[in-house]
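Q: My structure is below; once you've seen it, I'll send some questions.
The values are calculated or read from the model by the stated rules, or taken from the named source; none is laboratory data. Quantities reported herein were computed from a predicted structural model and do not represent experimental measurements. Using ideal geometry, Cβ is built from the backbone for each residue, glycine included, and neighbour counts are taken over all protein chains shown. Ligands, DNA and RNA are excluded from the accessible area calculation, which covers all protein heavy atoms including side chains. Shrake-Rupley method; radii C 1.70, N 1.55, O 1.52, S 1.80 Å.
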Amino acid sequence: MPVKTPIAPAPSRTAAAKSDRMVVVRKLDGTILKGTTYDFAPAKPVFHVYRDGDETSTAVAVRVDQLKAVFYVKSYKGRAERQDEYDFARASGHGRKMAVQFSDGETIAGWTMGYNREARGFFMIPAEAEGNNARVYILNAAVQSVTWL
């Protein structure tokens, strides 16, 4: 007689589960979208974001070719008055140290394990011990220059 195995319930999308999916999406045109995503992949042309993490709403389709970066954040609020302090000694990360200047003048510094100028983009772990960004996917189309540190 075959044994039936119970089907595991779908994973819950609680606040704890959302924390590693919270993003701030910054587009090349300057617009910002905050929410959660479950299907971002660098090679895919489109992914979806639930505005403000409201997963009962309809997700917004986001085209990757229109992006500056996808910031995986600890909080949607952040602190606008805070000055970025990139301190490699106080922060933790692995890979090669770099600073990226975006075409809009913003600069970010951190570690990367997979920078390739010919690729669509790359992930970076920011060197901000107290920062809101846990990791960032940066689109090469939005980069003005890279400096190795």
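Q: Anything over 21 Å Cα to Cα? Flag those among 77/97; 34/68; 27/77, in the order listed.
A: As for pairs spanning more than 21 Å Cα to Cα, those are 77/97.
Q: For the range 81-128, what is the per residue volume of the convex hull drawn over the alpha-carbon atoms, in cubic angstrom?
A: Spread over its residues, the Cα hull of the range 81-128 gives 83 Å³ apiece.
Q: Residue 28: net charge of surrounding residues, Cβ under 13 Å, Lys/Arg +1, Asp/Glu -1, itself excluded?
A: 0
Q: Provide the per-residue ³J(HN,Hα) series for the range 104-114, in order, calculated from phi with Karplus coefficients 6.51, -1.76, 1.60 and θ = phi - 60°, each as a whole number of Hz, with x at glycine and proline positions.
A: Computed from phi, the couplings for the range 104-114 are 8, x, 5, 10, 9, 10, x, 10, 9, 10, x Hz.
Q: Scan around residue 143 for amide H atoms under 5 Å from its own, H built in the peptide plane at 1.01 Å from N, and keep only partners 5 or more places away or cross-chain.
A: Amide H neighbours of residue 143, under 5 Å, 5+ apart: 103.
Q: A further question follows. How much of the accessible area of the range 46-149, probe 1.4 Å, is carbon plus sulfur, in whole percent?
A: For the range 46-149, the apolar C and S fraction of the accessible surface comes to 47 percent.
Q: While we're on this one: Grab the Cα-Cα distance for residue 96 and residue 130, subtract it from 0.36 nm times how many residues apart they are, and report the gain in nm with one decimal.
A: Gain on stretching residue 96 to residue 130: 10.2 nm.
Q: With the other protein chains left in place, how much accessible area per residue, in square angstrom, belongs to the range 18-149 at a 1.4 angstrom probe?
A: With all protein chains present, the range 18-149 gives 55 Å² per residue.
Q: For residue 85, which sequence-distant residues (separation of 5 or more, or a different chain) have an amide H within less than 5 Å of its own amide H, given hydrogens modelled in the peptide plane?
A: Those qualifying (amide H under 5 Å, at least 5 residues apart or on another chain) number zero.
Q: Also: Starting with the highest mean, order 32-39, 60-67 by the number of other Cβ atoms within 10 Å, averaged over the residues of each peptide.
A: 32-39, 60-67
Q: Find the Cα radius of gyration of the range 50-149, compare it with 2.2 N^0.38 Å by division, and give the number to two decimals.
A: Here the Cα radius of gyration is 1.13 times the empirical estimate.
Q: Would you mind calculating the relative contact order of the range 20-134 from Cα pairs under 8 angstrom and at least 6 residues apart, reporting the percent as a whole number?
A: 22
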